[in-house]
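These notes are about the structure you will find just below.
The values are calculated or read from the model by the stated rules, or taken from the named source; none is laboratory data. Here the structure is a predicted model, which is why all the values come from computation and not from measurement. Reconstructed Cβ throughout: ideal geometry from the backbone, glycine too, with neighbour counts over all protein chains shown. Just the protein is used for accessible areas: all its heavy atoms, side chains included, with ligands, DNA and RNA removed. Shrake-Rupley method; radii C 1.70, N 1.55, O 1.52, S 1.80 Å.
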Amino acid sequence: MTIALILLGVVATLFAGWRAGRRLRFFLHIFQLETYKFDRYGRWLADHVRSTVVRPSHGAGAAVLVSGVFGASVIDPSWVALIALGAWTCAFISSRRYRSDEEKKPLQFTARMTRLALPTGILALAPVACGGLYGWALGNPIGVLWYLGGFLVADLGAPLWVALGGSLMYPVETAIQEGFKQQARRRLRERSDLTVVGITGSYGKTSTKFIVAELLRQKYNVYATPSSYNTPMGLCLAVNEHLRPEHQALILEYGIRYPGDMDELCNIAEPDTAVVTTIGVAHLETMGSQDNIAAEKGKLVERPPPDGPAILNVDDERVAAMAERTEGPVWRVSTEGHPDADITARHIRYDTSGTSFDVTDDTGTEVSFQTDLLGRHNVLNVLLSVAVGRSMGLRLRQMAHAARRLEPVEHRLQLRERGDVTIIDDAFNSNPVGARNAVEILSEMGGGRRVIVTPGMIELGDRQWDENEALGTYIARYDLDLVVLVGEEQTAPIQEGLSAAQFPDERVRVSSSLSDAQHFLERYLDPGDVVLYENDLPDQYEV
């Protein structure tokens, strides 16, 4: 019996420890994704209490402990301990919900995360150590229940340990961050020769940033921040660690989620040129309305010096109105032939090799552009970038040559080939405007059958159902051969939109998961077919 208890105790410890560790890592990751802000982290927890914070295994674990306490008065305590260990192993054997390989944006073990993980880990280990020591002090097998109880508290309390660890480290992190901000401000003050281009907007910031950088490299030594470095610490990292004396232009992305975010970013890096792409519904949950989003993002155009240009997408009326908020020159761009635009595009065409269009600049010069980028919104991003280039002395033909070298951002209307099938990969961070653009592009592709795979859009607040229903209606306008929806419940509004628009039921398939959809498509697709992967799909799918 003693050997059995020891062996089963080791097994139960391994499973319980593995599960508690993965759960702790999961909530550390959520805290990081919520930018280490307690209010945002608290809201996430409140929205996921039943799905993630409290799991059925916690109830099962509590039931094992209670049963063990009462059972000890009836049967041999050794048998109680043995049964409890076995039941505990079964209850906590699965940690699938907390798998790291399903993360779209992986946990980054930055210096800050390392500093946070240490006290958080100690807090999580404390109940296990206390339960184990007290159980050992009892000197009988029932002490196992106290040991397991410690694991239950450690596992259930994972979100709390993260919050407490963050609280303990808050004064340290505040001091460190302020030091980084002061260092960044000082470095930029010393670089009077540097042109800082700041880009904001609900959509298209990252793509526009990379396009601006590529066009400006025709004349300047450019540094553009990688990926979505659009937070205060992201800007500080770029300026303090990556900016070099030889750089002549610094291209930064300014992202917001809450009122006041733009001032914090601009106080770190004042832009010499301000670019605004669009005002949409991204972060509507935190900003309240599109007008509030426009008011916050529009602060960027107020920050350049009197001779610093503001470059605006005048196809968006909220962006166009920002011209009244800047003292410097205004460059207006349009893909829709706006009469006040300085930079325009026409004859926009798509095929499996990319997009072609004709650009007219402020001098009346017209040049044909060809790029691997897909979508009218990417044409807009190119026009915004051309305006930046023109404001800094580049010729239109120079920039047309550079545009041929542009490559799509990963998972953003990225053309790929899988055998004889063409893939349009737009799986990352989609939005209503981008989704409609992607559907339009798919509809214009010639060759074989055209298929869209989507789970719908998320993080749209109260408008989420309506926007997804509208997407279904929009899809129905085009003669697509198959619509594959991922997830019965979450795609219900898209199904309603399709049905209301009388899209044929036989051309709609609902899959339980992306994996299920992939297996079906392996049998369905023929050479020459085109598949659009649209919206917030996992990183790991194979295309």
For the pair Trp18 and Arg115, the simple spin-label estimate (label points 7 Å beyond Cα toward Cβ) gives in nm 3.4 nm
Rounded to two decimals, the Rg over Rh value of segment 175-227 from Cα coordinates and the Kirkwood Rh reads 1.04
With only helices counted (DSSP H, runs n ≥ 4, each -39500 (n - 2.57)), the per-residue ellipticity at 222 nm for the chain, to the nearest 500, works out to -15500 deg cm²/dmol
Note to self: Kirkwood Rh of segment 106-151, Cα pairs, one decimal, Å, is 11.9 Å
Reported to the nearest 10 Å², Lys219 has, with a 1.4 Å probe, an accessible area equal to 110 Å²
Length gained, Glu324-Gln248, 0.36 nm per residue minus C-alpha separation, equals 24.4 nm
The answer for Val314, listing residues at least 5 apart or on another chain whose modeled amide H is closer than 5 Å to its amide H, is Val333
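Leaving out ligands, DNA and RNA, and with a 1.4 Å probe, what % of the accessible surface on segment 423-479 is carbon or sulfur?
Carbon and sulfur atoms account for 43 percent of the accessible area of segment 423-479.
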Relative to the chain, whose Cα atoms define the longest principal axis, helix 77-91 and its Cα axis are tilted in degrees, nearest 10, by 20 degrees
At 4 °C in a medium of viscosity 1.567 mPa s, the chain has a Stokes-Einstein diffusion coefficient, with Rh taken as the Kirkwood radius over alpha carbon pairs, in µm² per second, of 49 µm²/s
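Determine, from the Cβ-Cβ distance of His58 and His519 and an R0 of 30 Å, the FRET efficiency 1/(1 + (r/R0)^6), rounded to the nearest 0.05.
0.35
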For Lys297, the aspartates and glutamates lying under 18 Å Cα to Cα, once residues fewer than eight places off in the same chain are dropped, come out as Glu253, Asp261, Asp263, Glu264, Glu270, Asp272, Glu285, Asp315, Asp316, Glu317, Glu324, Glu327
Expressed as a whole-number percentage, the relative contact order of segment 169-318 with C-alpha contacts under 8 angstrom and at least six residues apart is 29 percent
Listed by chain and number, the residues whose amide H is under 5 Å from that of Val510, excluding neighbours fewer than 5 places away on the same chain and using placed H, are Leu485
With the 1.4 Å probe rolled over protein heavy atoms, the chain has an accessible area per residue in Å² of 45 Å²
Longest principal axis of the chain (C-alpha) makes with the long axis of helix 111-138 (C-alpha) an angle, in degrees to the nearest 10, of 10 degrees
